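> This is the structure I want to talk about, given as structure tokens.
The values are calculated or read from the model by the stated rules, or taken from the named source; none is laboratory data. Remember, predicted model here, so these are calculated numbers, not experimental data. With ideal geometry, Cβ positions are generated from the backbone for all residues, glycine too; neighbour counts draw on all protein chains shown. We work out accessible area using only protein heavy atoms, side chains counted, and drop any ligands, DNA or RNA first. Shrake-Rupley method; radii C 1.70, N 1.55, O 1.52, S 1.80 Å.
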Amino acid sequence: MQDHIVVLTGAGISAESGLSTFRDNGGLWEQHSIYDVATPEAFARNQELVLRFYNERRRQLQSAQPNQAHQLLAELENTYRVTVVTQNVDDLHERGGSSQVIHLHGELTKARSTRDPGLVYDIGYRDIEPGDTCERGAQLRPHIVWFGEEVPMLEEAAEVVRTADHLLIVGTSLQVYPAAGLVYEVGDGVPITVIDPGAPASVSRARVIRKGACEGVAEWVQSL
């Protein structure tokens, strides 16, 4: 049976494709406070601003390309069973070739109903405008898990981590909960590797590669 590699990724892997992250500049994301664009209260207060912000992120994503780290993780599927659990809302893992991706915080290329969370629509890189509605007549919103909202894919992700033969953590500071808690779901004796150029939160028994995503993933793949 193939070994199961579970990869937990964060903003650092997308940053190497040119996508900015709010944690890099003091709680601002593209010069906006997260409290103005990434909470349910922000959407209730200024729907037009929030929709415009995510429309801009979608356009930015359309012009971004998967990087070497995305591609190397996808190529692992030739030899191993691989599941990517990502905190990122972009589609760069899928475009890089990964076939099993769990998005903890939602997907930028989807919209959902403000009335029925089960009504989710693929919109690609199109804008969501005020007045765009679901089949039940309710306004559409970005299919994003905002601050203060439940993380619906968390338990599925935890189950996947429990089956890992290797856990690889790429480009995340392990400071955003509940996602950071997934590292504690890994089985005893399972090797853990953290790739991050900064100083990620300490993980007991983890090997740390203090490099960016592309360089670090390349080094790790070579060591397999």
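> Which of the residues belonging to region 161-198 are modelled with pLDDT under 95, in contact with a Ser or Thr (Cβ under 9 Å, 6 or more places away or on another chain) and within 23 Å of PHE147 (Cβ to Cβ)?
Correct list: GLY171, THR172, LEU174, ALA179, ALA180, ASP196, GLY198.
> Residues of region 180-216 being over 20 Å from SER17 (Cβ atoms), in a helix (DSSP H, G or I) and not charged (D, E, K, R), which ones?
Of everything in region 180-216, those that are over 20 Å from SER17 (Cβ atoms), in a helix (DSSP H, G or I) and not charged (D, E, K, R) turn out to be ALA180, GLY181, LEU182, VAL183, TYR184.
> Also, quick follow-up: Being under 14 Å from the mean Cα position of the chain (by Cα) and among the charged types (D, E, K, R) is the filter here; which residues of region 58-100 pass it?
If the condition is that a residue be under 14 Å from the mean Cα position of the chain (by Cα) and among the charged types (D, E, K, R), then ASP90, ASP91, GLU94, ARG95 are the ones that fit.
> Ok, one more. From ARG141, ARG115, which residue is among the charged types (D, E, K, R) and part of a strand (DSSP E or B)?
Going through ARG141, ARG115 in turn, the sole match is ARG141.
> Tally time: how many residues in region 89-123 are in contact with a Pro (Cβ under 6 Å, 6 or more places away or on another chain) and either at pLDDT below 95 or crowded, with 20+ Cβ neighbours inside 10 Å (or both)?
2
> If you don't mind, there's one more thing I want to ask. Cβ-Cβ below 6 Å, separation at least six or inter-chain, first residue in region 168-196 and without any contact (Cβ under 8 Å) to a residue 24 or more places away in the chain, second part of a strand (DSSP E or B) and of a type outside the set (Asp, Glu): which pairs?
Final answer for the pair search is none.
> For residues that are farther than 17 Å from ASP127 by Cα and among the hydrophobic types (A, V, I, L, M, F, W, C), scanning just region 39-50, find the one that is least open to solvent (accessible area, probe 1.4 Å).
ALA42
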